[in-house]
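Just below is one structure, and these are the notes that go with it.
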Amino acid sequence: MGAEEAEKKMTKRIEVARAPAPLEEYVKHFDPLFGKSNQRDGFRRYIEGLLLPSERHKTLTGLVNCEPIVGAQLPGAQALQWFLSEADWDERQIQESRLQLLREDPTTAPTSKGVLVIDETGDRKDGGRQDGSCRQAIFGKAGQG
């Protein structure tokens, strides 16, 4: 059986709810790494939640933008909990794909002049003294981080 015949016999992938336009353009690159539609949807909701402007910590309920405790029982929170703790996906493959995308894009690829460093640990911290905390520039402002 040729490749064309095999492709005809394959089941069409189930579509998932799209993320907002700029985010969808990014996350669709990772679709081949997820075999199931609920995994692809969970990845979209997870990345979307990480990028939401939120004063709350990035907890499960914060990621799905619902209230703690009561909101944890909602379907969106339960689906994200399943994706993060039970779904079968390889975080190393996600990291490899993410880095490949960064290297292929001329605006983020390393050059002889330097490299873009993305440090997700730059969230502001409250309080005067915390382990691993020191003054640093966060988006051009000096602050505790």
*asked:* Order 13-25, 62-74 from most to least packed using the mean count of other Cβ atoms within 10 Å.
replied: 62-74, 13-25
_Just to be sure I understand: if I project the alpha-carbon convex hull of the range 13-109 onto a plane and average over all orientations, what area do I get in nm²?_
7.0
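Where a number appears in this text, it was derived from the coordinates with a stated rule and is not lab data. What you see is a predicted model, and the numbers here were worked out from it, not measured in a lab. Glycine also receives a Cβ, built like all others from the backbone with ideal geometry; neighbour counts cover every protein chain displayed.
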